[in-house]
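The values are calculated or read from the model by the stated rules, or taken from the named source; none is laboratory data. Because the structure is a prediction, the values reported are computed rather than measured. Neighbour counts are summed over all protein chains in view; Cβ atoms, including those assigned to glycine, are modelled from backbone coordinates with ideal geometry. When the accessible area is computed, the model is the full protein with side chains, heavy atoms only, and any ligands, DNA or RNA have been set aside. Shrake-Rupley method; radii C 1.70, N 1.55, O 1.52, S 1.80 Å.
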6 protein chains.
Amino acid sequence: MSVVVRNEHRPHRATAEALVQYGVATIHEAQGRSGLLAAGIRPIYPGASVGGTAVTVSVPPADNWMIHVAVEHCQDGDVLVVAPTSPSDAGYFGDLLATSVRAHGVRGLVIDAGCRDIAELTRMGFPVWSRCVSATGTVKETLGDVNVPVVCAGQLVEPGDIVVADDDGVVVVPQGRAEKVLEATLARAEKEAETRERYQRGELGLDLNDMRGRLAQKGLRYVDEAPTD
Amino acid sequence: MSVVVRNEHRPHRATAEALVQYGVATIHEAQGRSGLLAAGIRPIYPGASVGGTAVTVSVPPADNWMIHVAVEHCQDGDVLVVAPTSPSDAGYFGDLLATSVRAHGVRGLVIDAGCRDIAELTRMGFPVWSRCVSATGTVKETLGDVNVPVVCAGQLVEPGDIVVADDDGVVVVPQGRAEKVLEATLARAEKEAETRERYQRGELGLDLNDMRGRLAQKGLRYVDEAPTD
Amino acid sequence: MSVVVRNEHRPHRATAEALVQYGVATIHEAQGRSGLLAAGIRPIYPGASVGGTAVTVSVPPADNWMIHVAVEHCQDGDVLVVAPTSPSDAGYFGDLLATSVRAHGVRGLVIDAGCRDIAELTRMGFPVWSRCVSATGTVKETLGDVNVPVVCAGQLVEPGDIVVADDDGVVVVPQGRAEKVLEATLARAEKEAETRERYQRGELGLDLNDMRGRLAQKGLRYVDEAPTD
Amino acid sequence: MSVVVRNEHRPHRATAEALVQYGVATIHEAQGRSGLLAAGIRPIYPGASVGGTAVTVSVPPADNWMIHVAVEHCQDGDVLVVAPTSPSDAGYFGDLLATSVRAHGVRGLVIDAGCRDIAELTRMGFPVWSRCVSATGTVKETLGDVNVPVVCAGQLVEPGDIVVADDDGVVVVPQGRAEKVLEATLARAEKEAETRERYQRGELGLDLNDMRGRLAQKGLRYVDEAPTD
Amino acid sequence: MSVVVRNEHRPHRATAEALVQYGVATIHEAQGRSGLLAAGIRPIYPGASVGGTAVTVSVPPADNWMIHVAVEHCQDGDVLVVAPTSPSDAGYFGDLLATSVRAHGVRGLVIDAGCRDIAELTRMGFPVWSRCVSATGTVKETLGDVNVPVVCAGQLVEPGDIVVADDDGVVVVPQGRAEKVLEATLARAEKEAETRERYQRGELGLDLNDMRGRLAQKGLRYVDEAPTD
Amino acid sequence: MSVVVRNEHRPHRATAEALVQYGVATIHEAQGRSGLLAAGIRPIYPGASVGGTAVTVSVPPADNWMIHVAVEHCQDGDVLVVAPTSPSDAGYFGDLLATSVRAHGVRGLVIDAGCRDIAELTRMGFPVWSRCVSATGTVKETLGDVNVPVVCAGQLVEPGDIVVADDDGVVVVPQGRAEKVLEATLARAEKEAETRERYQRGELGLDLNDMRGRLAQKGLRYVDEAPTD
């Protein structure tokens, strides 16, 4: 059975936009080191970043029909999250589809498969995080689902979840945790700013975090010459 | 037996130059989804594109002697296509060889092996599509062939075939199909331009391609809440 | 037993700085094709290059504590070389640590593991060569060693060795060979400059290196049509 | 926050045991082609198969402490499903842990990480499906969770779900679908038995499934010689 | 355009059967080191070997319809060679199809994609060489070709070519070279038998092949202690 | 400069033979988790194990000449350790070389490259640990070294070091640590035997190692239902 779940609600769009400036690495830490997609998902060009609300698409291998179906269920501020039901490196998405989804408010794409028209997508400034680049096309023969929970690159993503992506990769923040994670991210970013300043002055992490005692207790020794066995 | 086949004929150079502006993905589609090299062959710097006629080189693993042999059989508008007879990640090609082949008219290199001197090749604007970057050198000990049919990254390439490469990868167009593929590419590009415009206005692929009936017939359902099993 | 070896001596800093302009590929050749790290170690942004003296850090999987320990043993002109004792793709290093090590004179990082904060490191211009990009963090629970010999991406690196890295990868020059390698590099670079000029004029490698006789002797034949079997 | 969810209930143990004889491929088809773990998860020795109820364990990279915690929450007929929170190839599990979990009724292990003591586990006949073999050990420093939903090799697994594994890989059947999937599996197996018999007699799939008309309609042609382009 | 080329002729079946006993490695050498499929193609169980005449099948990604089409064009002594037009890890082939093709004389399968029902295929003794094992199924939606030239795992295979496969991999012998390669294989095998006997008696390759002079001339030195740099 | 270092001394042969029965995983732990080769090095058939003294061979890519040179420097109880100077998947070693090295006392081979003649090596019972299986041959054109320190699959191996290999992989024990490591291995094996017995009786690791307090202190909670966020 294939379904499209209409999902008009985007309660966390503002939070997504607030989060993006702090970056994937910081949000991932602030969220207790969860929600990070597999490291194989990389941006198609450097320097892009996006934060938005997930419209999820479950697609068959080498078949992008359901992305076309998903377009009319997108809103301003969305990020498409596309997961094949079995591994596929096909090029599901190119500049035509990017033109279409952008016209419906989509800010970017995260796909655990291939992408094509890299040069044109770069010119358009439409950011994509994909597993590979491939000019291989797809067919439109088999159904899938829109706005159901999907596992994308090792992470469960539910429709409406917050997705943030940058040069470090992609992190998903479950809707129920949106506010808590934003708060923790702000706190962490503030602490990082202070640490950065102290590091710039030459202070050591060992001293800032008072680690010398614990290191000694674990048995670290300082010597003037490498020990011979 | 190792041979160099002298091949003076380049009947498809103009077609190659006409094709390159339409891009690898479009040509691949126009050609009936054939001729695409394996997706692991990537450009050494972003934004490059090239279209030309193939001079093929079959090389032993970690031995680039035959590339030197090939140089004097190159003409203006050629693209070198180099395939090792068994897998090799060695750096067969660098800025010196690039200087040499460019002086003989070569526009770019496609190699199912490694490349080096990336910074210098980028400065020169000499485009290379390779399987990896590696500073590892090669020897000059064992013969191979020039201008024989080779399998490069999973595709059969014959000398004189058209090779087009860009950020999406590399596609080969057999000589006998050059005119037909150019025609199909132009037709496809025109259709894509029209589609792009309609997508920009917000029209949906579902409507442009009249897919709603077929989707319903295959069993797609629209619901307001995700079904529980 | 975990140790930090204090190592104040940097006799080869000037040599490292002299070498970097000739590039990894040339140095690797000049050194008799040894010392190259595995090709999987790639720069996080294109165009960077660095030459310096190695401070080595042996770290447990997914634990970056010892990098913090290493900072106070760094000097101006150093390159950190970090090798996990078992494979790890975790993001050991980001912009905060970069700020800290730069304040202590470190010019760049080579790590056989993951790196994060790519956008910020790019803005800072702090070059990193890593096996992958990953936002995954690390813990600070288990000791390792600083300034002991390590195997990093397949190469033995000793503290104080010269490390040169650019778009082609990373090469290590053992301290005892520093002067000899610099000399050989200069000689090679000079010869390459001459070769480049002759290639630019269209001369062939076959003639420059007088290879025609040896090719004929090995059995190379020139034909006008491809042989049929 | 780290939790162990006590979960005494195993309503689907009998179904798991009934399913295993039909094999992963058939169950996966019967379930509508869902629930298959990534193909990289392979048995450590050929010929093993297991069906049981999942006890899930979420573990930090290179840290197997939580597997020890999970043991006392296992029952006869369970299969351990272990997923690291970030990728790790460490050897989390060997013959000692196998002895311990077997004493508590566990029938096998599925782990998206490494396993060791392969020779001894083979002798014991304790089946493991893992991503790799690695003698690398793990530490016991950081907490995780037991009996929470995990994503293991790309599939969501909830505690109590049915897990079936054999030479083809691993499939998970959500608890709520257990009976329906068993029914569909039996039906499919029956149909496969009949097909097998007809195939043995030389009947063709084309005729059994009445495909000739559809093939012709899609444009398939039978020729006596390969077309030249 | 999709075609099935009827091909009744199998002039090289006896040669294929004669070759198999000498093994892939020896045949590959005897053929001048050509024709070897990529090393990623591995047998699904150890100890199998097969030699036969190729029926080639070009298939779309994740679609095995054309294998069903191919069955009625198989004869006793054939080996199926299946190549997807773009990379696919799907499980195209299992015990049902094996039953069907065996009933039509097929001796084994070589496929640059996935295979399933490993346990049952092992029990049947039906040998398969595949790129991976995957329980993922395929659809029957898109056409391909039967008995056209295909590139399979990097090698061009034409219908009727000889295919030999064993634990070392898969080698293809073009029809036109069948007799010459058999002859060269017999000669090589004879020479290997003699070498084996002399090696067993302790004779050295250096002496058998009179290599000491050439080694000395290239600069090999024998020393009693490792040189320090 | 290429050298063969004559090395008649094998002080640690008996220790190597004593160690092998305890297995790679236990030795690796006893040695403080060092010396393990990369996990990609796998046995060519299951169930093999070997312990011996290293004769090291540094070889060029796709060139096995130096293995022939090494044979006459082998003694009873040796294990050949072969490391290419740059990555190569070629099949450096087959049944002929195995016959030769066995006649000179060699017990097995560890090679960070390819191996061939798998079926015959299995019949001979000559164990090989390699990175891949490949029928691709090698040339005899370029020199390397025998009995110099090499980095093999990420580990430094010196001639005379102890090498132990089994289904779990390969571990190297430096000569200077031979006795200490044997002692630690015996102690560890004894402790493991006791632990195994207690695990068999159903005792928990948590109790054996008194972990409950530390778990509670780190914040582990036991609950009856999964927490909702």
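Exactly one residue among C:Thr122, C:Thr136, C:Thr85 is closer than 23 Å to A:Leu220 by Cα, in contact (Cβ under 8 Å) with a residue 24 or more places away in the chain, open to solvent by 10 Å² or more (accessible area, probe 1.4 Å) and not aliphatic (A, V, I, L, M), and that residue is C:Thr85. If you go through the stretch A:55-80 and keep only what is part of a strand (DSSP E or B), open to solvent by less than 10 Å² (accessible area, probe 1.4 Å) and either polar (S, T, N, Q) or closer than 23 Å to A:Asp166 by Cα (or both), you end up with A:Val55, A:Thr56, A:Val57, A:Asp78, A:Val79, A:Leu80.
Quick check on my filter: what residues within the stretch E:1-42 are of a type in the set (Gly, Ala, Ser), open to solvent by 30 Å² or more (accessible area, probe 1.4 Å), over 30 Å from B:Ala30 (Cα atoms) and outside any helix (DSSP H, G or I)? Selection gives E:Gly32, E:Ser34, E:Ala39, E:Gly40. For F:Ser49, the conditions (1) under 18 Å from the mean Cα position of the chain (by Cα); (2) crowded, with 24+ Cβ neighbours inside 10 Å all hold with the exception of (2).
For A:Asp117, the conditions (1) over 19 Å from the mean Cα position of the chain (by Cα); (2) more than 9 Å from chain B (Cβ to nearest Cβ) are fulfilled apart from (2). The residues of the stretch C:7-22 that are modelled with pLDDT of 95 or more and farther than 12 Å from C:Val173 by Cβ, listed by number, are C:Arg13, C:Ala14, C:Glu17, C:Gln21. Here B:Val59 meets the list (1) within 12 Å of chain C (Cβ to nearest Cβ); (2) within 17 Å of B:Ala98 (Cβ to Cβ) almost entirely, failing just condition (1). Considering only residues in the stretch D:100-119 that are open to solvent by 10 Å² or more (accessible area, probe 1.4 Å) and touching a helix residue (DSSP H, G or I) at 6+ places or on another chain (Cβ under 7 Å), the one that is farthest from F:Asp167 (Cα to Cα) turns out to be D:His104. Here the condition is being polar (S, T, N, Q) and in contact with a Leu (Cβ under 6 Å, 6 or more places away or on another chain); of F:Gln200, F:Gln175, F:Gln217, F:Gln155, it holds for F:Gln155 alone.
Of all the criteria given as (1) touching a helix residue (DSSP H, G or I) at 6+ places or on another chain (Cβ under 6 Å); (2) at negative phi, the one not satisfied by E:Gly77 is (2).
Pairs meeting the criteria (first residue in the stretch E:6-27 and within 27 Å of E:Asp145 (Cα to Cα), second residue of a type in the set (Ser, Thr, Tyr), beta carbons under 7 Å, at least 6 apart or on different chains) are E:Arg6/D:Tyr222; E:Arg10/E:Thr53; E:His12/E:Thr53; E:Arg13/E:Thr53; E:Ala16/E:Thr53.
Each residue in the stretch E:163-184 was checked for being within 9 Å of the chain's Cα centre (by Cα) and of a type outside the set (A, V, I, L, M, F, W, C), and 3 pass. Residues that are touching a residue at least 40 places away in the same chain (Cβ under 8 Å) and either open to solvent by 50 Å² or more (accessible area, probe 1.4 Å) or within 10 Å of chain F (Cβ to nearest Cβ) (or both) within the stretch E:181-190 comprise E:Leu186, E:Ala187, E:Arg188, listed in sequence order. For the stretch F:62-86, the set of residues classified as within 18 Å of F:Leu143 (Cα to Cα) and more than 13 Å from chain E (Cβ to nearest Cβ) consists of F:Leu80, F:Val81, F:Val82, F:Ala83, F:Pro84, F:Thr85, F:Ser86, listed by residue number. From F:Asp166, F:Asp145, which residue is under 19 Å from F:Met66 (Cβ atoms) and charged (D, E, K, R)? Only one candidate passes the filter, namely F:Asp145.
Being modelled with pLDDT of 95 or more and open to solvent by less than 10 Å² (accessible area, probe 1.4 Å) is the requirement here; does D:Ala178 meet it? Criteria met by D:Ala178.
Please go through the stretch F:43-54 and give me each residue that is in a loop (DSSP other than H, G, I, E, B) and either in contact with a helix residue (DSSP H, G or I) (Cβ under 6 Å, 6 or more places away or on another chain) or more than 14 Å from chain E (Cβ to nearest Cβ) (or both), ordered by number.
Listed by number, the residues that qualify are F:Ile44, F:Tyr45, F:Ser49.
Residue-wise test of (1) in contact (Cβ under 8 Å) with a residue 40 or more places away in the chain; (2) surrounded by 17 or more Cβ atoms within 10 Å (Cβ to Cβ).
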site: C:Glu192; (1), (2): yes, yes
site: C:Thr195; (1), (2): no, yes
site: C:Gly213; (1), (2): no, no
site: C:Lys218; (1), (2): no, no
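Taking the listed residues D:Gly169, D:Gly205, the one that is open to solvent by less than 10 Å² (accessible area, probe 1.4 Å), in contact with a helix residue (DSSP H, G or I) (Cβ under 6 Å, 6 or more places away or on another chain), facing chain E (nearest Cβ under 9 Å) and without any contact (Cβ under 8 Å) to a residue 24 or more places away in the chain is D:Gly205, with no other qualifying.
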